[in-house]
There are 2 protein chains.
Amino acid sequence: MERPRIRDYFQQDLSQNETITPKQRAILQASLDLFAEKGFDQTSTSDIAQRAGVAEGTVYRRYKTKAALRDAILAPIAAHIVPILASDFSEDALRQRYPSLQAFVTAIFTDRVAFAKANVKELKVIFEMVAFDAERREQILSQIAPKMVKQMGSVINQLKADHLIVDWPNDLILQSLLSQLFGYLARLMLELPGTEIEREQAYLITVMTKILTPGEHDQITGQ
Amino acid sequence: MERPRIRDYFQQDLSQNETITPKQRAILQASLDLFAEKGFDQTSTSDIAQRAGVAEGTVYRRYKTKAALRDAILAPIAAHIVPILASDFSEDALRQRYPSLQAFVTAIFTDRVAFAKANVKELKVIFEMVAFDAERREQILSQIAPKMVKQMGSVINQLKADHLIVDWPNDLILQSLLSQLFGYLARLMLELPGTEIEREQAYLITVMTKILTPGEHDQITGQ
DNA sequence: CATTAAAATGAGTTATCACTCACTTATTTT
DNA sequence: AAAATAAGTGAGTGATAACTCATTTTAATG
C-alpha cells in the first residue's frame, strides 16, 4: 500500500524558476507570506518591499500590477491543483480496483493532503479570492468542479457496482468527503490550537471510510 | 420531534433597534450587503453611502470609523452566536436523554442551521475577519471554543455512557460534525450551483448520524 | 408659529496606496 | 576594459479612501 507516493508537483515551486533573480524571489516570497497573513487588500506594495528588503520600484519591475503579482504566485498552484484534484484519477485510481474502501480513501487523499500541507499559504490566498470575487469563483469552479465530478464519479460508480460504497448520489458523497477534507485543512490554515497533525490525518481517513461504508441505515431521511 | 423550534434570536436583528433612524438603518443594511458581497476592504464608505441613498457624512454620524460600523453590525451576532453554538445545550440538550442518535443530531443541528441560514451575510463578514485577523480569531475562538467543547462534551459523554455514540475523542467527534456543518454552510454562502437546500439538510443529518453511530470498525488507523 | 435640538449634507482635508520614471548600480557581452 | 543590457532605486504623482466640519434640512417641543 505504498502506492500513492507524493508527486513532485509542489517541489517545482517558486524556488525552482531559474530565470529569476534573488530579489525577485524575495519579493514573491514576501508577497505570499503577507497575503496569507493579512490578506491581499491589507497588504501594501511598500509592505512587500520592506519585507523583501528591496525598493518599492523593484516590486514593479517584473509584474506590472499588484494583482499580476498575486496571479504569478497562484499560477503554479492553479496549474497543478486541477490535475491534483481531479484528472489524476483516470490514470491512477480508476484503473486500479481497490480491495477495500479504506484502501481507496487512503490512496485518494494521502497525496491531496500532502499537497495542501505543502501549499497552505497559497491555498489561503486562493480561498480569499474565491470567497469574495464572484467572477473568479465561477471561473475557478467551472474549471475544477466538472472534471472532479466526472472523474470522481467514475471511481464512485465502480465502487458502487462492487457494493463497496454507500448508494448515495455522487454529489452528496463528494460534499461529505470534501467537507471532512476542508475541515481538516481549516485547522491547518488557521493554526487552530491543539492540532496534532498525524492523529488528525489518521482520523480523517477513518471518518471518510465510515461515511462511505454501505449499511442498512443509509436511506436519506426526509424532514 | 417538534422540539427545537427556531429561537427568535435572529429576529431581533438590525431592524429591531428602536432609537435608530431610517437612514441609519439603510446604512447598516447597505454595509452588511456590501461587506458580504465584496469584502470589507473592497467596500468604500462612499459605496455604502451610495447604496444606502445618503450622503457620505451621514455614514459617519453614528459610527466614528468604518471598523466601528462593521463591529456594530457584528455585535448582535456575536452576542447570540455564543449561546447558539454552545450554552444552549445546558438547558435543552443536556437534560434530555435522546432515544436515538438521529434524534440527538436532528435536535442539535436544526436550529443551528436555521440560525446560519438567517444570518448568511453576517457569517460571511465574520469569516472574513476570522480568516485574516489573527488577533480577533483568537479572541473569538477563545470565547466560543471552550464553552462549546465543554457543553458538547457533556452531551457526548452521556451518549457514550449509553453506548449510543462512537467512542472517539470528543474533539475529533466535534471536528467531523463541524466539518459537515460548515461544508453545508459553504454551499449556502458561496451560492454554489446545484444546491437543493432541503435535500442537503436531510442528508446532513444522515451523514452526521452515520459518522457517530458506534460500530466495529471504529478504531483509528495509525498511518 | 417660533425656537431648539437633532439629523443630514457634501465640499474639503489628510493620508495612503498603487504605480511611474529618470537615474544609478550590477551583470553580460564583445 | 569598454559598451551594452538588465536590474534595482527611491523620490515623485495622481487617484482614491477615510474622515471632518461648517452649513442646511428636518423633526421635536413649548
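The values are calculated or read from the model by the stated rules, or taken from the named source; none is laboratory data. None of these values were measured; they are calculated from a predicted model. Positions of Cβ are generated from backbone atoms using ideal geometry, with glycine treated the same way; all protein chains shown enter the neighbour counts. The area values use the complete protein model at the heavy-atom level, side chains included, leaving out ligands, DNA and RNA. Shrake-Rupley method; radii C 1.70, N 1.55, O 1.52, S 1.80 Å.
Quick notes on this structure:
- Sorted from shortest to longest, the distances between the A:Val149 label points of this copy and the other copies are 3.9 nm, with each point 7 Å from Cα along the line through the beta carbon.
- The contact between chain A and chain B removes approximately 3900 Å² from the accessible area (both sides summed; 1.4 Å probe; ligands, DNA and RNA excluded).
- For region B:160-184, a decrease in accessible area of 50 Å² or greater in the assembled protein chains relative to the isolated chain, with a 1.4 Å probe, applies to B:Trp168, B:Leu172, B:Gln175, B:Ser179, B:Gln180.
- Over region B:71-212, accessible surface divided per residue gives 41 Å², non-protein components excluded, 1.4 Å probe.
- Placing a label point 7 Å from the Cα of B:Glu135 along the Cα-to-Cβ direction, the distances to the matching points in the other copies come to 3.4 nm, shortest first.
- For region A:127-141, residues shielded by at least 20 square angstrom of accessible area compared with the chain on its own, probe 1.4 Å: A:Glu128, A:Ala131, A:Phe132, A:Arg137, A:Leu141
- Three-way shape label, region B:15-62, alpha-carbon gyration tensor, a/c 1.5: oblate
- Surface share of carbon and sulfur [accessible, 1.4 angstrom probe, percent] for region B:71-212: 59
- Overall form of region A:106-217 per C-alpha gyration tensor (a/c, 1.5; a/b vs b/c): oblate
- Scanning chain B for the beta carbon that comes closest to the axis linking it by rotation to A yields B:Asp41, 2, distance in whole angstrom.
- For peptide B:109-122, the mean count of partner chain Cβ atoms within 10 Å of a residue's Cβ comes to 0.
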